[in-house]
Each structure stands twice: as C-alpha cells, then as structure tokens.
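Trainee: One structure follows; several queries about it will come next.
The values are calculated or read from the model by the stated rules, or taken from the named source; none is laboratory data. These figures come from a predicted structure and were not determined experimentally. Here Cβ is always computed from backbone atoms with ideal geometry, including for glycine, and neighbour counts include all displayed protein chains.
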Amino acid sequence: MVRRKCYVCGKEPLTKNEIGLTKKLIDQKASHFYCINCLADYLEVSSDELIAKIEEFKDEGCTLFQ
Ligand SMILES: [Zn+2]
C-alpha cells in the first residue's frame with residue numbers, strides 16, 4: 001500500500017481510518033488525503049464527530065475502516 005500523508009499538515013503515515021474517511025466523506029477517488037484534525041477543519045466539524053462517524057461506518061461493515 002502506498003504511504004499517504006496529510007495534504008494539509010504533512011502528518012504521515014495516515015491510518016486506514018483517516019484514508020477511509022477521506023474516501024467516504026470527500027471522494028472515493030480522492031488523490032489528496034487528510035488526517036483526522038485537518039479533515040475536521042476542512043468539513044467544519046469536530047474530530048470527535050469524525051471519530052463517531054468511523055464507528056458508524058465500521059458498524060455498517062465498511063471495509064475501508066479498521
Ligand atoms: Zn493534517
């Protein structure tokens with residue numbers, strides 16, 4: 001798997017969950033990925049809300065998350 005880093009702050013490596021969220025919430029074919037904090041800023045939500053989203057997606061059985 002290609003090492004992804006955050007497009008905004010450069011944090012790396014991104015977790016599978018961070019990559020999954022970018023794909024789910026921005027674009028399945030996203031070429032830029034965001035860490036949780038930068039994605040929260042970008043979407044104007046809190047990182048806690050994003051973490052809750054990850055749990056929801058996992059409960060749905062989404063394989064983009066671990
Ligand atoms: Zn970042």
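Trainee: Can you name every residue in the range 33-53 that is among the acidic types (Asp, Glu) and either assigned to a helix (DSSP H, G or I) or within 9 Å of the ligand (Cβ to nearest atom) (or both)? Working first, answer last.
Mentor: Narrowing the range 33-53 to residues among the acidic types (Asp, Glu): 41, 44, 48-49.
Answer for the range 33-53, where residues must be among the acidic types (Asp, Glu) and either assigned to a helix (DSSP H, G or I) or within 9 Å of the ligand (Cβ to nearest atom) (or both): Asp41, Asp48, Glu49.
Trainee: Return a yes/no flag: does the range 1-21 have any residue that is under 10 Å from the mean Cα position of the chain (by Cα), more than 16 Å from the ligand (Cβ to nearest atom) and either on the phi < 0 side of the Ramachandran plot or not in a helix (DSSP H, G or I) (or both). Explain how you work it out, then say what you get.
Mentor: From the range 1-21, those under 10 Å from the mean Cα position of the chain (by Cα) are 6, 14-21; that's our starting set.
The next check asks that each one be more than 16 Å from the ligand (Cβ to nearest atom); those that pass are none.
No, there is no match, as no residue in the range 1-21 is under 10 Å from the mean Cα position of the chain (by Cα), more than 16 Å from the ligand (Cβ to nearest atom) and either on the phi < 0 side of the Ramachandran plot or not in a helix (DSSP H, G or I) (or both).
Trainee: Also: Looking only at the range 38-47, decide whether some residue is surrounded by 19 or more Cβ atoms within 10 Å (Cβ to Cβ), modelled with pLDDT under 95 and at negative phi. Give the steps one after another, and end with the answer.
Mentor: Here is the first cut: in the range 38-47, the residues surrounded by 19 or more Cβ atoms within 10 Å (Cβ to Cβ) are 38-39.
Narrowing the set further to residues that are modelled with pLDDT under 95 leaves none.
Scanning the range 38-47 turns up no residue that is surrounded by 19 or more Cβ atoms within 10 Å (Cβ to Cβ), modelled with pLDDT under 95 and at negative phi.
Trainee: Can you pull out every residue in the range 2-34 that is of a type in the set (A, V, I, L, M, F, W, C) and more than 15 Å from Gln66 (Cα to Cα)?
Mentor: Within the range 2-34, Val2, Cys6, Val8, Cys9, Leu25, Ile26, Ala30, Phe33 qualify.
Trainee: Then there is this: Inspect all residues belonging to the range 49-59 and state whether any of them is among the small types (Gly, Ala, Ser), modelled with pLDDT of 95 or more and crowded, with 19+ Cβ neighbours inside 10 Å. Before the answer, list the steps.
Mentor: Just the residues of the range 49-59 that are among the small types (Gly, Ala, Ser), to begin with: 52.
From the residues that got through so far, the ones that are modelled with pLDDT of 95 or more too are 52.
From what is left, the residues that are crowded, with 19+ Cβ neighbours inside 10 Å are none.
No, the range 49-59 contains no residue that is among the small types (Gly, Ala, Ser), modelled with pLDDT of 95 or more and crowded, with 19+ Cβ neighbours inside 10 Å.
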